[in-house]
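Shown next, in structure tokens, is the structure this report addresses.
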Amino acid sequence: MKAKEYLLVDIGNSTSVFSRCDGDKLYSVKTVLTKDMDACRIDKELSSFDSVYVSSVVPSIDALLIKYPSVKHVDSLNIPKLTLNVSLPSQVGADRVVNALSAVSQYHRSCIIVDSGTATTICYVSSDYVYHGGIIFPGMGIASHSLAMHTGKIPFIQVQKQDRFLGKTTEHAVQSGLYFGYIHMINGFIAQFKSHYPDALIIGAGSGLDILNDAIMLDVTNPHLTLQGLMYCIPFFSK
């Protein structure tokens, strides 16, 4: 008898990640631009699956998924095992709670999770599956777009890894400012978190930290943390 196959979908503001799953492992992971997630693309990806688990922070995509009875949205109001120690649980992004569940389920200890995409988030979850909150600030892409939009002469600049911090051109100055600025900011926040939770494991999630990974004080890098969190949800929603 063929093993049941599930589809896991992590829908972010900039990119969406799809993975097939047999309940124990991920395979065929692929990334698409969220702006390309129209009704035709969604139907192509979802139509052959009986069970689809979705973590989404994009309401316009959620609206396109309503017609699919196979879709199970995982969010802050139905996340299994996790208790949210925050003032307004409904406002906590699905990606943040799924990451928290994934981190404790895999590493069996308190975790500080750094996830960077359109926004950068740093969250703390204790080993007893309690999500305690975190911080949110703009990702590097938003920061670069903001400079381009609000200045007369600075174009949008895609940030690359830098060896020298002193900019000799405008482009280099922006590259250096964003690259080293985000390293110092993220490391500063990590140090502050660690002063409160010294035994926590520091996890880098997603792919948005790729150019910063070597310079950030991470213990573990896990680009599929969210997808793995969705996989851990399957037994609870299948009951």
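The values are calculated or read from the model by the stated rules, or taken from the named source; none is laboratory data. As the structure is a computational prediction, the values presented were derived from the model and not from experiment. Don't worry about glycine lacking a Cβ; one is built from the backbone with ideal geometry, like all the others, and counts go over all protein chains shown. To get the accessible areas, we keep the full protein, side chains included, count just its heavy atoms, and leave off ligands, DNA and RNA. Shrake-Rupley method; radii C 1.70, N 1.55, O 1.52, S 1.80 Å.
For the reader, a short list of remarks on this structure follows.
- Candidates per chymotrypsin sites (Phe, Trp or Tyr not before Pro) in segment 159-239, loop by DSSP, up to 15 other Cβ within 10 Å: PHE165
- Checking every one of the trypsin sites (Lys or Arg not before Pro) in segment 53-146 against DSSP loop status and a limit of 16 other Cβ atoms within 10 Å picks out LYS67, LYS81, ARG109.
- Other residues lying with their Cβ under 10 Å from the Cβ of TYR27 contribute a combined charge of 0, Lys and Arg counting +1, Asp and Glu -1.
- Residue-by-residue Karplus 3J(HN,Hα) for segment 206-216, coefficients 6.51, -1.76, 1.60, Hz, glycine and proline x: x, 10, x, 9, 3, 6, 9, 3, 5, 10, 9
- Summing Lys and Arg as +1 and Asp and Glu as -1 over all other residues whose Cβ lies under 13 Å from the Cβ of SER126 gives a net charge of 0.
- Degrees between helix 140-150 axis and first principal axis of the chain (Cα, 0 to 90, nearest 10): 60 degrees
- Between segment 115-146 and segment 21-73, the alpha-carbon center distance in angstrom: 23 Å
- Within the chain, percent of DSSP bridges classed antiparallel, to nearest 5: 60 percent
- Remark: spin-label model distance LYS44-LYS168 equals 4.5 nm, labels positioned 7 Å along the Cα→Cβ axis.
- Cα centroid separation - segment 200-235 against segment 83-107, whole Å: 14 Å
- Rounded to the nearest 20, the Cβ-based charge dipole of segment 132-211 about its Cα centre (Lys and Arg +1, Asp and Glu -1) stands at 220 debye.
- Helix 94-107 vs. the chain, principal-axis angle (Cα, 0 to 90°, nearest 10): 80 degrees
- Averaged over residues, the count of other Cβ atoms within 10 Å places the peptides 46-54, 6-14 in the sequence 6-14, 46-54, highest first.
- The listed residues LEU64, LEU209, once ranked by accessible area (1.4 Å probe) with the largest placed first, stand as LEU64, LEU209.
- Neighbours of SER207 by Cβ distance under 15 Å: Lys/Arg scored +1, Asp/Glu scored -1, total -3.
- Ligands, DNA and RNA left out, the accessible area of segment 60-197 computed with a 1.4 Å probe is 57% carbon and sulfur.
- Summed over the residues of segment 182-224 and divided among them, the accessible surface reaches 49 Å² per residue at a probe radius of 1.4 Å.
- Listed cross-link partners LYS25/LYS67; LYS44/LYS67; LYS35/LYS161; LYS30/LYS81; LYS4/LYS35 are compared with a 23 Å cut-off, the Cα-Cα value being larger for LYS25/LYS67; LYS35/LYS161; LYS30/LYS81; LYS4/LYS35.
- When the trypsin sites (Lys or Arg not before Pro) in segment 4-58 are filtered for DSSP coil states and for at most 12 other beta-carbon atoms within 10 Å of their beta-carbon, the remaining sites are LYS25.
- Counting only aspartates and glutamates at least 8 places from LYS153 when in the same chain, those with an alpha carbon closer than 20 Å to its own are GLU171.
- Computed helical MRE - 222 nm, the chain, DSSP H runs ≥ 4 contributing -39500 (n - 2.57), nearest 500: -10500 deg cm²/dmol
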